[in-house]
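Undergrad: Encoded as structure tokens, here's the structure I'll be asking about.
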Amino acid sequence: MTTAEAAAAPDERPDADPVLRVDDLQVSFPSEAGRVHAVRGLSYHVDRGEVLGIVGESGSGKSVSSLAVMGLLPAQARVSGSIRFAGRELIGLSDRELSGIRGRRIAMVFQDPLSALTPVHTVGDQVAEALLVHGGGKLSTKDATARAVELLDLVGIPNAAARARAFPHEFSGGMRQRVVIAIAIANNPDLIIADEPTTALDVTVQAQVLEVLRTAQEVTGAGIAIITHDLGVVAGFADRLMVMYAGRAVETGPVREIYSAPRMPYTLGLLGSIPRVDVAEKQPLVPIEGQPPSLSELPPGCPFAPRCPLAVDACRAAEPPLVPVTGTGGVAHRAACHRSEELAGDRSAEETAVQVFGAELVEPTDLATVPRARRQTVLRVDGLVKHYPLTRGTLLRRRVGTVRAVDGVSFDIVRGETLGLVGESGCGKTTTLMEILSLAKPTAGTISVLGSTVESLGRAEAKRIRRDLQVVFQDPTAALDPRLPVFDIIAEPLRVHGFDRPHIRRRVADLLELVGLRPEFAARYPAEFSGGQRQRIGIARALALEPKLVVLDEPVSALDVSIQAGVINLLDELKAKLSLSYLFVAHDLAVVRHVADRVAVMYLGKIVEIGDAPSVFGAPRHPYTRALLSAVPVPDPVVERRRERIILTGDLPSPADPPSGCRFRTRCFTFAALPEDRRVLCVEREPVLDAAADHAAACHYPRDSTSLQRV
Amino acid sequence: MNRMAADTANTPGGPDAPATATAGAVRLGAAAGATRGRLTLRRFLRNRLAVAGVVVIVLLYVLAFAAPLFSPWDFTSQDPDAYLSPPSARHWFGTTQIGGDVFVQTMRGLQKSLSIGLLAAVVSTGLAAVVGAAAGYFGRWADRALMWLVDLMLVLPGFLILAIMSPWLRERGWFFFMLMLAAFMWMITARIVRGMTLTLREREFVKAARFMGESPWRIIFRHILPNMASLLIVDATINVGSAVLAETGLSYFGFGVQPPDVSLGTLIRDGAPFALTSPWLFLPAGLLLILGVLAVSFVGDGLRDALDPHASHGRFKEKKNA
């Protein structure tokens, strides 16, 4: 025990006291537009061994409040209130005193594991460093290294002794996040703050990392505060939830209670805006209109009032306090809303949300009722292969291998249909898109757009085809030239294709209205818009030439949940209105289930399962699809805790050296359960996908076949 | 649709006119002519210092060409009654050691140096932008060939070449001299531009332009170069000063502007040794050079801010995101 700890000990009362108690925390930053009040009177506590989920949109103050706990805010931030950690006040401590607590008793897991690790030290050294820094000289370097290996083993890094000597860049994202968790738990902390720990990761890896965090908590008995914008992630993981809006907690309570009976319209809207992967029929998504208020000059009243469909005069007059809700909840469930009582009822949260926010489903068009076979084929991809050479040497380049980014992909899209292309990052879905969009000859296979094969196209023909084939990118900030006003951005495709000025002007105004923006916005620059609005501008640009097929590359994954619903609804509406076809690439299966008519699941450059969305999601046949689906978190604590999870082991193999036979066999749980003699088939023969079938899976032992049941 | 329109109601800045009417131009309202060119011009004109810079440059030109007309002296003429005399009513800026009128000489020098400085800067930065962006954007053989050219130009001693070419240049006049000056100033910038192009090329808005069928050169001029405008403008601003000085250096060794002709550079060079005893010899030329370069840099700043939508409130945005 160090002296500092001994001195603090009398303060520490036994378990009854929470690990962390934050009272009336206020954080503000100076800015040119006045002081930004990032956190305005936040109070919460984390008990020992408890998981508190902190949920909110970007800018709601959730990260700032936890940085305040860590004492990591920049010097110009003004912090007031009280932060008591194990009974000891943290506000006002010097940086040196805080350093004794940080990393030892409070640990942090950051969002981006790549920047959280030093690239020039081995991961073993970095874990050992965490031990040595707080070891007070009692721990020898050798012991620290040995303990580091133990910790790496604990967080599930295979072959930890050898991998400890590897550098961060040699690890995948999920493995890096495990290392960060290992560092976090190295000193047996009492509190772990995890800031969006899984946001940068794939769903399959996200499930693994959450599992590791759970293990870490069991081992250390620490309290965890997990910050996230994804209500699905915390449903199964957190015990209590705190929803933040505009720098304050607007609702807190036990997870189950909040999900089943939210008492604040914002929480309600958040719950209603998430598409569910576990619900078969399409439910309407609730968009929360507008955007979070500017925190520099908040008007009086409830900050959510301008976006709230239930707002009454009282809401604009005074900000409601966070008080226990009447009825079911008890004191644990608190909400800050003048009308929270009226939200009590027997209906499910989703139903209430749909009613309160007035969301509705887009009516299917006549086109949707025409059978697929009778509709025009908009895009046909046949045996598409894209290989990249791996070269070494600068002067004399030698080819040392081939990256098989896309290795024989076939699918087609008919008029008015949405094909969802899903898979982990690195599975080749983006390469497939880029091959289609570049209209160049692929390594092998054919791509035909509206019946014309791309490799035979001349320049003029290619330009004609481009009119029918447009793209919406993932990151709306990167996809719009920051130096061009919105008018020029939307006018660009029209200008390229030779429309005259009056026509362009009329069309730009039409397009802005079509995507729900005001025509006067044409004179502004992209930087003046919010993420959702920028994505709408991107969609307007894609629709300028009245295309037949729009390629959507993760169009909503960079947006906040409440905004995401608005964009998904817009895409749905436009599809019906303009009879568009979409090629929708996403890693979020819940979104894909909501928008797609057909789904293709990709793994390591190949499609492993393709079929109608209801049958693929309802009765997945390929083990990979089943694993993906089970990894998607469901925003319902009851379902989430009951659900059986298939957690895939390991990472995606390198596409430069795919496994023989079935590519998925190295991570396949079906394969692992097979007797030796039946595995031979998987190792030696590659399963073929019958692309012509309505629902096909590239697996030797698909789920519905009798063979599996005998296993 | 109404629902979505409401989404946009509380954007920064606030609405200035309700969406009405049918014709596109009417609905766009004030935004109708909101192309980049007009917006940039509007933003540039709003910047007082930048406009003042333009005015100063124009005035300098007017002064340089018009003022000698009001003086009885010629830049070659000598006044045997006034050797090294301080400014007076007869000689406004004084005279040189051999009785030359400093005012007229300064104006003569200003005519040359202004044109050489401004043009050389524009030509060299423009060349750097085009070569660098082409090398970066097209890659492959274009990249190798152009970078090979850049490396070649970098190792060639520019001074030597100019010296060898000077008899030929003398016949052609100052314009070709300016071109030669510019030809040895662009390489380093071209390399920087190439590097920036390599990253910009992979940005999604460039891909988007490519996927909508925009031609490569238009992508370079519409998307790539405007996004590195800050670099190019700073580069051009610095080049104005260095071109004027480079010309002086060459003149010193007998190339470039030759006596009895003068440039601001030669005037400064000749007058500097007497700075303490007869400051009128170089002060006018020096001050005019400073004024000119200062005006150019104000114009450059204004242009950069006008082109960059973040310029005025960039800092605030950054903090808000943090």
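Undergrad: Which condition from (1) surrounded by 15 or more Cβ atoms within 10 Å (Cβ to Cβ); (2) of a type outside the set (A, V, I, L, M, F, W, C); (3) within 13 Å of chain A (Cβ to nearest Cβ); (4) in contact (Cβ under 8 Å) with a residue 24 or more places away in the chain is the one that B:PRO216 breaks?
TA: Here B:PRO216 clears every test but (1).
Undergrad: Also: When the range B:129-181 is examined, which residues are found to be without any contact (Cβ under 8 Å) to a residue 12 or more places away in the chain, small (Gly, Ala, Ser) and over 30 Å from B:ALA229 (Cβ atoms)?
TA: Result: B:GLY173, single match.
Undergrad: Take the conditions away from every other protein chain (no Cβ under 14 Å) and free of Cβ contacts under 8 Å to residues at least 60 places away in the same chain and apply them to A:GLU281. Does it pass? Break it down into steps so the answer makes sense when it comes.
TA: Numbers: away from every other protein chain (no Cβ under 14 Å): yes; free of Cβ contacts under 8 Å to residues at least 60 places away in the same chain: yes.
In short, yes.
Undergrad: Does any residue of the range A:325-341 turn out to be within 26 Å of A:GLY516 (Cα to Cα) and in contact with a helix residue (DSSP H, G or I) (Cβ under 6 Å, 6 or more places away or on another chain)? Outline the logic, then answer.
TA: Taking the range A:325-341 and keeping what is within 26 Å of A:GLY516 (Cα to Cα), we get none.
No, the range A:325-341 contains no residue that is within 26 Å of A:GLY516 (Cα to Cα) and in contact with a helix residue (DSSP H, G or I) (Cβ under 6 Å, 6 or more places away or on another chain).
Undergrad: Could you look through the range A:551-564, keep only residues that are within 11 Å of chain B (Cβ to nearest Cβ) and surrounded by 24 or more Cβ atoms within 10 Å (Cβ to Cβ), and pick out the one that is farthest from B:GLU204 (Cα to Cα)?
TA: Applying the filter and picking the extreme gives A:SER562.
Undergrad: Counting residues that are over 27 Å from A:ALA696 (Cβ atoms) and either open to solvent by 40 Å² or more (accessible area, probe 1.4 Å) or more than 14 Å from chain B (Cβ to nearest Cβ) (or both), which strands (runs of 3 or more DSSP E) fully inside the range A:322-441 reach at least 1? If you could, list the steps in order and put the result at the bottom.
TA: Working: elements: A:377-392, A:398-414, A:418-422.
Strands (runs of 3 or more DSSP E) meeting the threshold: A:377-392, A:398-414.
Undergrad: May I ask you to verify whether B:ILE268 is under 24 Å from B:PHE184 (Cβ atoms), under 18 Å from the mean Cα position of the chain (by Cα), among the hydrophobic types (A, V, I, L, M, F, W, C) and buried (at least 20 other Cβ atoms within 10 Å of the Cβ)? Show your work before the answer.
TA: On the way: under 24 Å from B:PHE184 (Cβ atoms): yes; under 18 Å from the mean Cα position of the chain (by Cα): no; among the hydrophobic types (A, V, I, L, M, F, W, C): yes; buried (at least 20 other Cβ atoms within 10 Å of the Cβ): yes.
So B:ILE268 fails the test.
Undergrad: Can we say A:LYS606 is in contact with a Leu (Cβ under 8 Å, 6 or more places away or on another chain), modelled with pLDDT of 85 or more, open to solvent by 10 Å² or more (accessible area, probe 1.4 Å) and basic (Lys, Arg)? Outline the logic, then answer.
TA: Values: in contact with a Leu (Cβ under 8 Å, 6 or more places away or on another chain): yes; modelled with pLDDT of 85 or more: yes; open to solvent by 10 Å² or more (accessible area, probe 1.4 Å): yes; basic (Lys, Arg): yes.
Criteria met by A:LYS606.
Undergrad: Looking at (1) within 11 Å of another protein chain (Cβ to nearest Cβ); (2) open to solvent by 20 Å² or more (accessible area, probe 1.4 Å), find the lone condition where A:GLY538 falls short.
TA: Status for A:GLY538: all satisfied but (2).
Undergrad: With (1) in a loop (DSSP other than H, G, I, E, B); (2) modelled with pLDDT of 85 or more; (3) crowded, with 19+ Cβ neighbours inside 10 Å as the list, and A:GLY59 as the residue in question, which single condition is left unmet?
TA: (2)
Undergrad: Within the range B:223-252, count every residue that is at the interface with chain A (Cβ under 8 Å from one of its Cβ atoms) and either of a type in the set (A, V, I, L, M) or buried (at least 21 other Cβ atoms within 10 Å of the Cβ) (or both).
TA: Initially, the range B:223-252 is screened for residues at the interface with chain A (Cβ under 8 Å from one of its Cβ atoms), giving B:223, B:226-227, B:229.
Remaining after also requiring either of a type in the set (A, V, I, L, M) or buried (at least 21 other Cβ atoms within 10 Å of the Cβ) (or both): B:223, B:227, B:229.
Total satisfying the criteria: 3.
Undergrad: From the set of residues in the range B:182-213 that are of a type in the set (D, E, K, R) and more than 10 Å from chain A (Cβ to nearest Cβ), which is nearest to A:LYS548 (Cα to Cα)? Steps first, answer last, please.
TA: At the first step, the residues of the range B:182-213 found to be of a type in the set (D, E, K, R) are B:191, B:194, B:201-204, B:207, B:210.
Restricting the remaining residues to those that are more than 10 Å from chain A (Cβ to nearest Cβ) gives B:191, B:194, B:201.
Numbers: B:ARG191: 42, B:ARG194: 37, B:ARG201: 27 Å.
Only one residue tops the list, namely B:ARG201.
Undergrad: Right, next: A:GLY92 versus (1) open to solvent by less than 50 Å² (accessible area, probe 1.4 Å); (2) without any contact (Cβ under 8 Å) to a residue 24 or more places away in the chain: which is the lone unmet condition?
TA: Looking at each condition in turn, A:GLY92 falls short on (1).
Undergrad: Only residues in the range A:98-127 that are open to solvent by 40 Å² or more (accessible area, probe 1.4 Å) count as the first member; pair them with residues that are of a type in the set (S, T, N, Q), Cβ under 7 angstrom, at least 6 apart or cross-chain, and list the lot.
TA: A:ARG104/A:ASN187; A:GLN111/A:THR199; A:THR118/A:GLN126
Undergrad: Got at least one residue in the range A:235-242 being crowded, with 24+ Cβ neighbours inside 10 Å, in contact with a Cys (Cβ under 8 Å, 6 or more places away or on another chain) and more than 30 Å from A:ALA613 (Cβ to Cβ)?
TA: no
Undergrad: Which residues, counting only those in the range A:576-607, are under 23 Å from the mean Cα position of the chain (by Cα) and either of a type in the set (S, T, N, Q) or closer than 23 Å to A:ARG665 by Cα (or both)?
TA: Once the filter is applied, which keeps residues that are under 23 Å from the mean Cα position of the chain (by Cα) and either of a type in the set (S, T, N, Q) or closer than 23 Å to A:ARG665 by Cα (or both), the range A:576-607 yields A:HIS587, A:LEU589, A:VAL599, A:ALA600, A:VAL601, A:MET602, A:TYR603, A:LEU604, A:GLY605, A:ILE607.
Undergrad: Would you mind stating whether A:GLU644 is at pLDDT below 85, over 30 Å from A:ARG276 (Cβ atoms) and open to solvent by 30 Å² or more (accessible area, probe 1.4 Å)?
TA: Values: at pLDDT below 85: yes; over 30 Å from A:ARG276 (Cβ atoms): no; open to solvent by 30 Å² or more (accessible area, probe 1.4 Å): yes.
Answer is no for this residue.
Undergrad: Okay, moving on. Answer with yes or no whether A:GLY253 is farther than 12 Å from A:GLY56 by Cβ, open to solvent by 20 Å² or more (accessible area, probe 1.4 Å) and at pLDDT 85 or above. Let's see the steps before the verdict.
TA: Numbers: farther than 12 Å from A:GLY56 by Cβ: yes; open to solvent by 20 Å² or more (accessible area, probe 1.4 Å): no; at pLDDT 85 or above: yes.
Taking the combined requirement at face value, the residue does not satisfy it.
Undergrad: Let me ask another. Restrict the check to the range A:257-266 and report whether at least one residue is outside any loop (DSSP other than H, G, I, E, B), under 20 Å from the mean Cα position of the chain (by Cα), at pLDDT below 90 and surrounded by fewer than 23 Cβ atoms within 10 Å (Cβ to Cβ).
TA: No.
The values are calculated or read from the model by the stated rules, or taken from the named source; none is laboratory data. What you see is a predicted model; the values in this text were computed from it and never measured. Reconstructed Cβ throughout: ideal geometry from the backbone, glycine too, with neighbour counts over all protein chains shown. Note: areas computed on protein heavy atoms with side chains; ligands, DNA, RNA excluded. Shrake-Rupley method; radii C 1.70, N 1.55, O 1.52, S 1.80 Å.
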